[in-house]
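Coordinate-derived values only; no laboratory data. Predicted, not measured: the structure shown is a model, and the values here were computed from it. Quick reminder, even Gly has a Cβ in these numbers, built from the backbone with ideal geometry, and neighbours come from all protein chains shown.
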Amino acid sequence: MKLNKMHHIAIIGSNYEKSRHFYVDLLGFEVIRENYREEKKDYKIDLKLGESEIELFIVQGRPKRPSYPEAYGLRHLAFHVESVEETVKELNRLGIETEPIRVDTFTDKKMTFFHDPDGLPLEIHE
């Protein structure tokens, strides 16, 4: 078997306007396609950032994501940035709260976390 690369990551959000605004307008993802699926009563927005894609499903009535203690499954998504400090300033300017910057003990690179509108942890890492 030869897996070439990650194709996409799927995220379920609860609010169409908030999630679309967050990922597209604030984080800069490009919309590839966007559809409302009547049979499932949800929106499916395919987003792209570089070679990475997110399938963003907006569905009402799903359970909230467990966070502490962390549940099994996806822990967080991480984005590479040139400067954590500059990215934190930009996120904060956009009204997105970030955790304090810290250093990854294994790579000695700066990193920190912030959250999407539904509480999914997102990391920026140099």
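Observations, loosely collected:
- 3J(HN,Hα) along the stretch 14-23: 9, 9, 4, 4, 5, 5, 4, 4, 4, 6 Hz, from the Karplus curve 6.51 cos²θ - 1.76 cosθ + 1.60 with θ = phi - 60°, whole Hz, x for Gly and Pro.
- Taking 25 Å as the limit for the C-alpha separation, the pairs K2/K40; K2/K109; K18/K48 exceed it in the case of K2/K40; K2/K109.
- Helix axis angle, 84-93 relative to the chain longest principal axis, alpha carbon, degrees: 50 degrees
- Springs between Cα atoms under 10 Å define the GNM used for the chain, and in it the highest mean-square fluctuation of F79, F29, F113 occurs at F79.
- Three principal axis lengths of the stretch 75-126 [C-alpha, angstrom, descending]: 29, 24, 16
- Taking amide H as placed 1.01 Å from N in the peptide plane, G13 has its amide H under 5 Å from the amide H of F57, I58, V59, each at least 5 places away in sequence or on another chain.
- When only the Cβ of Lys, Arg, Asp and Glu is charged (+1, +1, -1, -1), the dipole of the chain relative to its Cα centre reaches about 460 debye.
- Cα-based convex hull volume of the chain per residue, rounded to whole Å³: 154 Å³
- Amide H contacts of A78 (H built 1.01 Å from N, under 5 Å, at least 5 apart or other chain): E123
- From its DSSP helices (H runs of at least four residues, each -39,500 (n - 2.57)), the chain gives a residue-normalised ellipticity at 222 nm of -3000 deg cm²/dmol.
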